[in-house]
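In what follows, a structure is listed as structure tokens, so that the remarks can point back to it.
The values are calculated or read from the model by the stated rules, or taken from the named source; none is laboratory data. Not measured: the values here are computed from a predicted model. When we count neighbours, we look across all protein chains shown, and the Cβ atoms used for this are built from the backbone with ideal geometry, even at glycine. Side chains are part of the model used for accessible areas, which takes the heavy atoms of the whole protein and leaves out ligands, DNA and RNA. Shrake-Rupley method; radii C 1.70, N 1.55, O 1.52, S 1.80 Å.
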Amino acid sequence: MKPNRYKDRFFDLEVLQWSVPIFLATTAFIFELVEHSLEDGLRFDLAFTGETIIFGLMGPIIIGFIIAWMRKLFKAEKQAIAEIHILNLDLEAKVTERTAALEQRNTELDKANHELQKLDEMKSEFVSLVSHELRAPLTAINGGLEVALQSADSLSPASRHTLEAMMDESARLTQFVQTILDISRLDAGRLTLNLGPVAVAPILYRSVEVVLGSHREIKWNLPSEIPPIWADEIYYEQIIRNLLRNADKYSPPEAPIEINVHVNASDISVEVADHGEGIAPEMQKKIFEQFQRGHKGESAPPGWGLGLYFAKKLTEAQGGALILHSPHWLESNASGSSFSIAMPVTSDEPNEGDDA
Ligand code: ADP
């Protein structure tokens, strides 16, 4: 409601407060005068005076008070509305001010975000460039070392040992560069996945052979029939090898590693369980992040804290899931860990030769 309307009403009541009682008093007085004159001639006796006082004075005074009370109510209402109006104006000003501040903050955030994205792109490009540049010399070094090792018989044991150590380190560096390259491609959405039906068991056997050879006891728990999964064979094998390498690195050499395969309705889950010391709950929260290492220092097994990050991202990019459970066993001193990788099952048959 507009304050003007109240102003008018307030003014009307001020007029009424005086005009109505005066009108009523005059009418009552004239009425009493006429009535008493007609009845028994005009005499200012008790009846005339009493009735004039009651109808001509008290009535109009009461009505005057009622109108004055209504005026007071309207005045209070008017004042409240004026205050609300001022509050509204104040609020509107504040909202406008805050909206402007928020818009400015948004613009700043957009700018910062844009800069961060640019930096991230630059970082990815840099990492990818460096990795590319490192790959060629590393291939040459690896080739040279292999050739040198072929004629190792003519070398002294010390030289042969040095060459073998160089070969190992070079292979590790090559693997590192390849991982970094794959991660930067995956992060940039440029890693090409060749998804198709994949037979699980041959990959498990091959991975165990390559990663663990015969130096570790393996407990197999495979169903007789394992349907194929829908995955990129090369990257799936890379994930499995990674899990086996970790189980090997982080559990005592004499303890067996268990491989369990579960055939579910919509996926096949491969679980690699070890008898290591397990992974603390705090570490479990960040274990799949980049460069997170639970084992650090001189005596820690070699690693860069990238394996699980890449494994999880790769698994998810293929529509699967990688889950960690630790403790896995009930023994308190070697509670162990298990990593389960579940991939979608498919009814398509893998190509012949994939099993090789
Ligand atoms: P890296 O092995 O190169 O350090 P990963 O990403 O593969 O990197 O693993 C991250 C960390 O998780 C490791 O440093 C280790 O502390 C912990 N971890 C991984 N696998 C296991 C395991 N099977 N048992 C105990 N700790 C593990």
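Grab the DSSP H runs of the chain that are 4 residues or longer, score each as -39,500 (n - 2.57), total them, divide by all residues and round the 222 nm result to the nearest 500 deg cm²/dmol.
Result for the chain, helices only: -21500 deg cm²/dmol.
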**Item:** Largest to smallest principal axis extent of the C-alpha atoms in region 26-180, angstrom
**Value:** 161, 26, 19
**Message:** What is the distance in Å between the Cα centroid of region 264-341 and that of region 14-59?
**Reply:** 104
**Prompt:** How much net charge surrounds residue 329 when only the other residues with a Cβ under 12 Å from the Cβ of residue 329 are counted, with Lys and Arg +1 and Asp and Glu -1?
**Reply:** -4
**Message:** Can you give me the angle between helix 59-150 and the longest principal axis of the chain, using Cα atoms only, in degrees from 0 to 90, rounded to the nearest 10?
**Reply:** 10
**Message:** Once you place label points 7 Å from the Cα toward the Cβ at residue 54 and residue 139, how far apart are they in nm?
**Reply:** 12.4
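Whenever you get a sec, compute what percent of the accessible area on the chain sits on carbon and sulfur atoms (1.4 Å probe).
Exposed carbon and sulfur together represent 60 percent of the surface.
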**Prompt:** Per residue, what accessible area does the chain have, given a 1.4 Å probe and all protein chains present, in Å²?
**Reply:** 64
**Asked** On a 0 to 90 degree scale, rounded to 10, what angle separates helix 200-212 from the longest Cα axis of the chain?
**Response** 70
**Prompt:** What do you reckon, how do 57, 244 stack up by accessible area (1.4 Å probe), largest on top?
**Reply:** 57, 244
**Prompt:** To the nearest Å, what is the center-to-center distance of region 161-197 and region 81-151, using C-alpha atoms only?
**Reply:** 26
**Reduced Cα scattering model of region 88-155, Debye log10 I(q)/I(0), q = 0.22, 0.25, 0.28 Å⁻¹** = -0.92, -0.99, -1.06
**Prompt:** Restricting attention to the alpha-carbon atoms of region 196-354, what are Rg (one decimal) and Dmax (integer), both in Å?
**Reply:** 15.3, 48
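Can you give me the relative contact order of the chain as a percent, contacts being Cα pairs under 8 Å and 6 or more apart?
Reported relative contact order: 13 percent.
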**Prompt:** Order of 142-152, 100-110, 256-266 by packing, highest average Cβ count within 10 Å first?
**Reply:** 256-266, 142-152, 100-110
**Fill in**
Highest mean packing first, using Cβ neighbours within 10 angstrom, the peptides 90-99, 229-238, 20-29, 206-215 sort as 229-238, 20-29, 206-215, 90-99
**Fill in**
The pairs in 72/94; 94/118; 123/285; 111/296 lying past 30 Å Cα-Cα in this model are 72/94; 94/118; 111/296
**Complete:** In whole µm²/s, the translational diffusion coefficient that Stokes-Einstein assigns to region 125-187, given a Kirkwood hydrodynamic radius over C-alpha pairs, 4 °C and 1.567 mPa s, equals 102
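Work out, step by step, the length gained on full extension between residue 12 and residue 112: first 0.36 nm times the residue separation, then minus their alpha carbon distance; give nm to one decimal.
On the way: separation 100, 0.36 × 100 = 36.00 nm, distance 6.26 nm.
Net length gain for the segment: 29.7 nm.
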**Complete:** Around residue 123 (Cβ within 14 Å, Cβ-to-Cβ, excluding residue 123; K/R +1, D/E -1) the net charge comes to -3
**Request:** Relative to the longest principal axis of the C-alpha atoms of the chain, give the angle of the C-alpha long axis of helix 157-187, reported between 0 and 90° and rounded to the nearest 10°.
**Result:** 30
**Item:** FRET E, pair residue 220, residue 321, Förster distance 22 Å, beta-carbon r, rounded to 0.05
**Value:** 0.45
**Where 72, 313, 118 fall by accessible area, highest first, once all protein chains stay in place (1.4 Å)** = 72, 118, 313
**Request:** Please quote Rg/Rh for the chain to two decimal places, taking the Kirkwood radius as Rh and restricting both calculations to Cα atoms.
**Result:** 1.59
**Asked** So what are the radius of gyration and Dmax for the Cα set of region 103-261, in Å?
**Response** 21.7, 75
**Request:** Rank these by accessible area, largest first, 1.4 Å probe: 328, 85.
**Result:** 85, 328
**Item:** Radius, Kirkwood style, for region 3-101 when every pair of distinct Cα atoms is counted (Å)
**Value:** 17.0
